[in-house]
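Inspection log for the structure reproduced underneath, given as structure tokens.
The values are calculated or read from the model by the stated rules, or taken from the named source; none is laboratory data. Remember, it's a predicted structure, so these values are computed and weren't measured experimentally. Because the Cβ atoms are built from the backbone with ideal geometry, glycine has one as well, and the counts that use them run over all protein chains shown. For accessibility, only protein heavy atoms count, side chains too; no ligands or nucleic acids. Shrake-Rupley method; radii C 1.70, N 1.55, O 1.52, S 1.80 Å.
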Amino acid sequence: GQFLPAAMTVLLCRKLCADPNEDHWSVRDLTASIIAYVCFRFGQMFPNLKADLVLLLGQTLKQPNQALPALYGAVVGASLLGSSVFTMVLLPILKQLKDYIIGKIKEAERNKNPYEFRDAMLCLSVLVKSAGNFLCDQMAKLAKSLDFDDRETKSAGQLELAKGIAQVRNVFDDGSMSPFIAAANNRIGKSTVLDEDVTGLATSEPYGRR
């Protein structure tokens, strides 16, 4: 009963070690993996477990001027809990998070602070990776649904997938999603057709709601 509160403290605390050169990032990565495993393994036994974790992660991510180590832990933690949690917690504030981190990078450059610069770059890297993995997952799900469903019938689920894909690509319009898009296209064997589907679906309404 006391494990998860302690684990979440490790994941989200602002300062985990006295020496800024110590690798607390790997500790946060491992902790996030353990928390995700516990959630998936015992979630049915404890129905409120995932909801409580999502609430705490969301509060951490939305806190103004959040410390970068805590932000890193929250992004990793949310991304490992699955695409539904990414959609709920990270996707709505993805642009704000990216802008905040880039602001921190520029601030560190101005102040010639190598530690702050490194922390901000690590946060940006994990945000890009999390968004890219989410993008691949959503593209695969959309491609599968389009293979089995009538393309003239647009379901609410397909629209949600397409809008999530479009939002990630709009936020990261600097080419950082290109490797993830290429990997997804290789995985599902689609490229141009899926791009057209995403563009069309993201601006459409579900069948039957017109």
*Under a straight-distance cross-link criterion of Cα-Cα below 19 Å, which lysines are reachable from LYS141, leaving out those fewer than 8 residues away in the same chain?*
LYS129, LYS154, LYS163, LYS190
*Fully extended contour minus Cα-Cα distance, from MET88 to ARG187, at 0.36 nm per residue*: 33.1 nm
*Rounded to whole Å and sorted largest first, list the principal axis extents of the Cα atoms in the chain.*
59, 47, 31
*asked:* Let me check something: with ligands and nucleic acids excluded, how do PHE3, PHE180 order by accessible area (1.4 Å probe), largest to smallest?
replied: PHE3, PHE180
_Ranked packing of 37-45, 73-81, most packed first, by mean Cβ within 10 Å_ = 73-81, 37-45
*What is the gain in length, in nm to one decimal, between ASP99 and ASN21 on full extension, counting 0.36 nm per residue of separation less the C-alpha to C-alpha distance?*
25.5 nm
_Can you order the peptides 25-36, 60-71, 127-138 by their average number of other Cβ atoms within 10 Å per residue, highest first?_
127-138, 25-36, 60-71
_Can you give me the distance in nm between label points at SER33 and ASP52, each placed 7 Å from the Cα along the Cα-to-Cβ direction?_
2.5
*asked:* Need the full-extension length gain, PHE42 to LYS62, defined as separation in residues times 0.36 nm minus the C-alpha distance. One decimal, nm.
replied: 4.5 nm
